[in-house]
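Q: Just dropping this structure here.
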Amino acid sequence: MDKTVFSLLVDNTSGVLGRIAGMFSRRGYNIDSLTVGVTADPKYSRMTVVVAAGEDIIEQIENQLRKQEDVREIKKLGHQDSVCRELLMIKIRAKAQDRQDVVSTADIFRAKIVDVAEDSLIVELTGNQAKLEAFIHLLSDYEILEIARTGLTGLSRGSDNVTYLD
């Protein structure tokens, strides 16, 4: 099943997240990831929803989203016409003798060490999902204590596809 990334421009009002998530839940659609944040205009929020489903289900989801009164714009972000990223924070058990190897691996991926404790490191990495998965795989020889991921967020490329709302 292909993953579809929806970028929704929604009103920034209380209950919007609950109404959108509830729409998915009531119809039995699973959300793979969901991110929400305010836009440059504080009246609106950008919601990125990732769904793994067949084309017929994706069409149903899009039709149901169009019926939501808080939804101002719906875009499907394709691989070629958009940029999507995710943030990963990973805590690794690393004694002093292991730290340089972890730091070297982080450097290769352009990750940042954001916390160092006596027996662990927290590494921050931003990128596409394949990059994050490859990084986690390379660190699998170490004890991974915790992982936090934001989920995908993205925008369409270029300025031709921008919606201006009043």
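Q: Just to be sure, is K91 crowded, with 16+ Cβ neighbours inside 10 Å and free of Cβ contacts under 8 Å to residues at least 24 places away in the same chain?
A: no
Q: May I ask you to verify whether L17 is under 16 Å from the mean Cα position of the chain (by Cα) and in contact (Cβ under 8 Å) with a residue 60 or more places away in the chain?
A: no
Q: What is the number of the single condition among (1) assigned to a helix (DSSP H, G or I); (2) outside the structural domain of R27 (by TED's automatic domain parsing); (3) at pLDDT 95 or above that R110 does not meet?
A: Of everything listed in (1) assigned to a helix (DSSP H, G or I); (2) outside the structural domain of R27 (by TED's automatic domain parsing); (3) at pLDDT 95 or above, R110 misses just condition (1).
Q: Could I ask something else about it? Hey, among L152, L88, which residue is in contact with a strand residue (DSSP E or B) (Cβ under 8 Å, 6 or more places away or on another chain), closer than 30 Å to E73 by Cβ and modelled with pLDDT under 95?
A: Of L152, L88, the one residue that is in contact with a strand residue (DSSP E or B) (Cβ under 8 Å, 6 or more places away or on another chain), closer than 30 Å to E73 by Cβ and modelled with pLDDT under 95 is L152.
Q: Suppose we keep only residues that are assigned to a loop (DSSP other than H, G, I, E, B) and in contact with a strand residue (DSSP E or B) (Cβ under 7 Å, 6 or more places away or on another chain) within segment 113-133. Which one would you say is surrounded by the fewest Cβ atoms within 10 Å (Cβ to Cβ)?
A: Applying the filter and picking the extreme gives D119.
Q: Looking only at segment 36-60, which residues are more than 12 Å from L9 (Cα to Cα), among the β-branched types (V, I, T) and part of a strand (DSSP E or B)?
A: Result: V50, V51.
Q: Now for a separate question. Taking R157 and the conditions (1) of a type in the set (D, E, K, R); (2) farther than 14 Å from K75 by Cα; (3) surrounded by 13 or more Cβ atoms within 10 Å (Cβ to Cβ), which numbered condition does it fall short on, given that it satisfies the others?
A: That leaves (2) as the condition not met.
Q: Working only within segment 102-112, note down all residues that are touching an Asp or Glu at 6+ places or on another chain (Cβ under 9 Å) and either loosely packed, with under 14 Cβ neighbours inside 10 Å or among the charged types (D, E, K, R) (or both).
A: Correct list: K112 only.
Q: Just checking, how many residues over segment 112-147 are touching a Ser or Thr at 6+ places or on another chain (Cβ under 8 Å) and charged (D, E, K, R)? First the steps, then the outcome.
A: Pass one, segment 112-147, residues touching a Ser or Thr at 6+ places or on another chain (Cβ under 8 Å): 135, 138-139, 145.
Among the residues that remain, those that are also charged (D, E, K, R) are: none.
Final tally of qualifying residues: 0.
The values are calculated or read from the model by the stated rules, or taken from the named source; none is laboratory data. All values reported here derive from a predicted model rather than from experimental measurement. We place every Cβ from the backbone using ideal geometry, glycine too, and count neighbours over all the protein chains shown.
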